[in-house]
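Throughout, read-outs are computed from the coordinates displayed, never taken from laboratory work. Quantities reported herein were computed from a predicted structural model and do not represent experimental measurements. Methodologically, a virtual Cβ is constructed for each residue, glycine included, from the backbone with ideal geometry; neighbour enumeration extends over all protein chains shown.
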Amino acid sequence: MAEPRFTYLDHAATTPMRPEAVEAMLPFLSERFANPSGSHRASRDARRALDEARDVVADCIGAKAGEIVFTGCGTEADNSAIYGTLRRSGGFAVCPANEHHAVLHVVEHTGGRVVGVDAVGRVDLDSLAQALEAPGADTDGDSGGGGQVSVVSVMAVNNEIGTIQPMAEVSALVRRLAPNAVLHTDAVQAACWLDLATITPLVDLMALSAHKFGGPKGVGVLWMRPGVYIEPLLQGGGQERDRRSGTHNVAGIVATATALALTHAERASAITRIAALRDRFVDGLQAQLRGVRETVDREHKIAGSAHLCFEGCENEELLFMLDEQGICASAASACASGAMEPSHVLAAMGVPRAWARGAVRFSLGTTTTDADIDHALTAIPSMVDRLRAGRQGAMAS
Amino acid sequence: MKVLLGMSGGVDSSVAAALLRDAGHEVVGVTMRLWGGESDTGCCSVADVDDARRVAQQLDVDHLVFNFTEEFNTHVVEPYVQAHTVGVTPNPCIECNRHLKFDRLLERADVLGFDAVATGHHARVVHTDGRWELRRGVDRAKDQSYVVHMLGQNALSRTLFPVGEMTKAEVRVRAAEMGLRTAAKPDSQDVCFITSTGGRETFLGSRIPFRTGRVIDREGAELGTVEAIELVTPGQRRGLALSGAPKRRYVLDIDVATSTVVVGSEGDLLESGLQIHGMSWCDEPVTGSVLAQCSAHGDPRAGVLDNAGNLRWNEPQRMIAAGQSIVLYDATDDRVLGGGICVKGVEGDPAPTFVSPRTGAAWLP
């Protein structure tokens, strides 16, 4: 059998590195290898590259270079923001129930409060207001969570379903009801789709992850508003102005800056092109198949997101068949063993379990082409028909 | 053929993968994630999934993980817990095989277009005269036909046991020759969701309330109490704490409804037969002389089965706890006929005089 056409529709998991970013990092893996925290000429060369990369990242998000902290990943940036604030200021954290685990698990682990979301995955503002207005009272009776709200974390774009959070409303609410709290946003899934410079004025801390926008794995960014201080997670050599110790990943940081600059420059045209591909994909599937529900309507989500629920299918089975046809997609997050877990995001939104079982996340990116969509539209309807027929056969026997 | 192989991360399924691949089959290995909670030696710990994946990588076989935790909880864990509340001693590994390793996996294999499923069990499927026979594994000491007895013709026709023709020693040699990381891995022994540190008591104690039971003899004389009647099993001798008991006492019967445990002498444990419920057959139903195996590695006992599921022993036999699987073999003690769940002694059986209301209903497949 001929190898099926490789069709990558999992850009929200990781998107391919920009060739320019690969090229930019190579010298720092060979001749420009030095540790930037030194004083000799080789160090100064690496330091200069690091400083310039920091300028580029700051420019792209409407910030100043000194406000940028490079971390080892997006998860580290999120953890630094929440743990770092709690350790410095005490109190407790608040987040919506459909946050990425890099935020949700920290909030839960520290006895914080988790608030509800609406049917499209936006944080429920009334529920958030209640959590912010009830300071000190540890109503759940569990450990921790005493004192007042010190950090609120709301993701700019949801990683699973692509929902864009109403950050302006969230920001206004937090400023009004919890003026002493810092507002953190996990913007890991936003970089390709939203102008980050429109988000930074609304928040105090923002996390990014390079491999989501064409940079390498192993680089995260934490933007910190001037005057906001956190207790660092990592102690050591005092890099990043004592905010994140550890030798700089110079090659990765340089590539990150290159990728972010390209993403920022091409964002508007990329969104137009990718939205058209996404619409053709979803409309095409719905024209050929009954029982395909778009989990979030398009006005509430990013252009690259096509999260679909296939009635009468199990996503483990659908993903297997997609993979056989060369189509890479995913569903919810996986546990340590690699097994897919039922989605906490869909559960929080109240998506019925019968629909959630057949949920698949297709996510498009800058390298997605018309040919990818053609292949997907050709392959998927027949496999869904087969799965549904097989399931009915299994139930009948 | 396109074969979906269950890979536990043990040596048997590792070698099964190699054998299937070498036989020219298109193999996909799958590890079923079954138990989401604490585990130490179980079949779905992350370390075991790692082993399965690494072996698959070495053999250039695709490896996936399927999440069947919901089904496992519904079909194995919940009934296991419920069974203890009605005085039944279940065998969860059998139910896991019945509902997950075969039923669920076969269904999924069908839906995904596989021709067969395979596992690393030590048993054999033999195709004779158009019928499918389930036979003991060649290695009698490691034979696992008991735990896969529930396979009928349809399932057997689509099931492969690649290591059933090998001894365990041969399997390990083969794994070592190929440099598989699982070559010297110890066999798993225990129920995967019961940890060695916590044991059955901790597991059940966090799910059901334990009740104190009265211990009486067959004449009704009070001999003492047990702290948790839910943990008592027929045939048990230890842990009864009968002060001043002059001789060894064994549990003959448990009546959870009245919180009563009946004890007696070792001789009182002998019974003339038992009743089997939920019988499944590998092929056509059978009555008459059979050999019956009553635990994973128990010796077969000779008896006569009637068409109502009453199995009368040729000689009185030590009693079998309700909930245990009874697997029937033909006269050669090689071919599996079928099996079911022990419910109680046969009608008119003189041994257990205390009539209990134990139903076993919660544990019927």
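Structural remarks
- Chain A: angle of helix A:41-60 to the longest principal axis, Cα-based, in degrees nearest 10: 60
- A Gaussian network model of chain A, with springs between Cα atoms under 10 Å, assigns the largest mean-square fluctuation among A:Ala42, A:Ala13, A:Ala332 to A:Ala42.
- Where trypsin sites (Lys or Arg not before Pro) fall in DSSP loop in the stretch B:221-298, at most 16 other Cβ within 10 Å: B:Arg237, B:Arg238, B:Lys247, B:Arg248
- Relative contact order of the stretch B:14-159, pairs being alpha-carbon contacts under 8 Å that are 6 or more residues apart, as %: 18
- Loop-located trypsin sites (Lys or Arg not before Pro) in the stretch A:249-344, at most 12 other Cβ atoms within 10 Å (DSSP): A:Arg290
- C-alpha long axis of helix A:74-89 to longest principal axis of chain A, angle in °: 50
- Structure remark: mean-square fluctuation, Gaussian network model of chain B, C-alpha springs under 10 Å; the largest value among B:Pro316, B:Pro209, B:Pro234 belongs to B:Pro209.
- In sequence order, the stretch B:122-132 has phi-based couplings of 8, 7, 10, 10, 10, 9, 10, 6, x, 10, 9 Hz under the Karplus curve 6.51 cos²θ - 1.76 cosθ + 1.60, θ = phi - 60°, and Gly or Pro positions carry x.
- Prolate/oblate/rounded label for the stretch A:158-282 (Cα gyration tensor, a/c 1.5): oblate
- By definition, a body whose alpha carbon gyration tensor gives a ≥ b ≥ c is oblate when a/c is 1.5 or more and a/b is not larger than b/c, and chain A fits this oblate description.
- Taken over chain B, the alpha-carbon convex hull comes to 138 cubic angstrom per residue.
- Pairs of Cα atoms nearer than 8 Å and 6+ residues apart set the relative contact order; for chain A it is 22 percent.
- A straight line joining the Cα centroids of the stretch B:150-216 and the stretch B:109-141 runs 18 Å.
- Within-14-Å neighbourhood charge of A:Arg41 [Cβ basis; K, R +1; D, E -1]: +2
- Couplings 3J(HN,Hα) for the stretch A:92-108, derived from phi with the Karplus relation 6.51 cos²θ - 1.76 cosθ + 1.60 (θ = phi - 60°), are 9, 9, 10, 8, x, 6, 9, 5, 4, 4, 4, 9, 4, 5, 5, 4, 5 Hz, where x marks Gly and Pro.
- Top positive-direction residue, dipole computed over the stretch A:255-327 with Cβ charges, set A:Ala303, A:Val282, A:Gln325: A:Ala303
- Backbone amide hydrogens, once placed in the peptide plane, bring B:Gly338 within less than 5 Å of B:Cys282, B:Leu328, excluding anything fewer than 5 places away on its chain.
- Overall, the ratio between the Cα radius of gyration of the stretch B:179-254 and 2.2 N^0.38 Å, rounded to two decimals, is 1.56.
- Taking Lys and Arg as +1 and Asp and Glu as -1, the other residues whose beta-carbon sits under 15 Å from that of B:Gly24 total -2.
- Within-13-Å neighbourhood charge of B:Ser295 [Cβ basis; K, R +1; D, E -1]: 0
- With contacts taken as Cα pairs under 8 Å at a separation of at least 6 residues, the stretch B:289-348 carries a relative contact order of 32 percent.
- The string of couplings for the stretch B:317-326 from the Karplus curve (6.51, -1.76, 1.60, θ = phi - 60°) is 10, 4, 5, 10, 5, 4, x, 6, 7, 10 Hz, one whole number per residue in order, with x for Gly and Pro.
- Screening chain B for whole DSSP H helices of 18 Å or more along their axis (Cα) with average Kyte-Doolittle hydropathy at least -1.0 returns B:46-59.
- Size of the protein assembly as shown as Cα extents on the principal axes (Å, biggest first): 90, 63, 55
- Loop-resident GluC sites (Glu not before Pro) (DSSP state other than H, G, I, E or B) in the stretch B:164-205 with no more than 16 further Cβ atoms inside 10 Å of their Cβ: B:Glu165.
- Against the rule of thumb 2.2 N^0.38 Å, how large the Cα Rg of the stretch A:11-120 comes out: 1.42
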